[in-house]
1. Answer yes if at least one residue in the stretch 63-73 is modelled with pLDDT of 85 or more, open to solvent by 100 Å² or more (accessible area, probe 1.4 Å), assigned to a strand (DSSP E or B) and polar (S, T, N, Q), and no otherwise.
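The values are calculated or read from the model by the stated rules, or taken from the named source; none is laboratory data. These numbers come from a predicted model, not from an experiment. These accessible areas exclude ligands, DNA and RNA; they are computed on the full protein's heavy atoms, side chains included. Shrake-Rupley method; radii C 1.70, N 1.55, O 1.52, S 1.80 Å.
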Amino acid sequence: TNGTAEEVILDFGLNLANPTSQGDQPEIVFKIEQRVVLNYFSAKRLAITLSQVIRRYEEQFGDLELDVTKRRTGK
């Protein structure tokens with residue numbers, strides 16, 4: 001995300017592994033697929049709405065663990 005004093009820019013895309021010529025670990029490249037430009041009022045409304053949706057989800061299904069090493073695998 002980035003923006004100016006008047007707008008917030010959200011870039012949506014994919015992280016792609018780009019092999020390097022030296023055989024080291026691949027370089028990760030972010031390929032932008034979509035861009036959303038919002039004013040700060042709309043961005044705040046989006047943030048509030050997402051927060052409410054996630055809160056309701058967690059009330060119904062449990063906490064969403066952000067640390068991937070602490071997540072249950074479901075197996």
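1. no
Each row is one residue, and each column tells you yes or no for (1) of a type in the set (S, T, N, Q); (2) modelled with pLDDT of 95 or more.
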| position | (1), (2) |
| --- | --- |
| Q25 | yes, no |
| T49 | yes, yes |
| V53 | no, yes |
| E58 | no, yes |
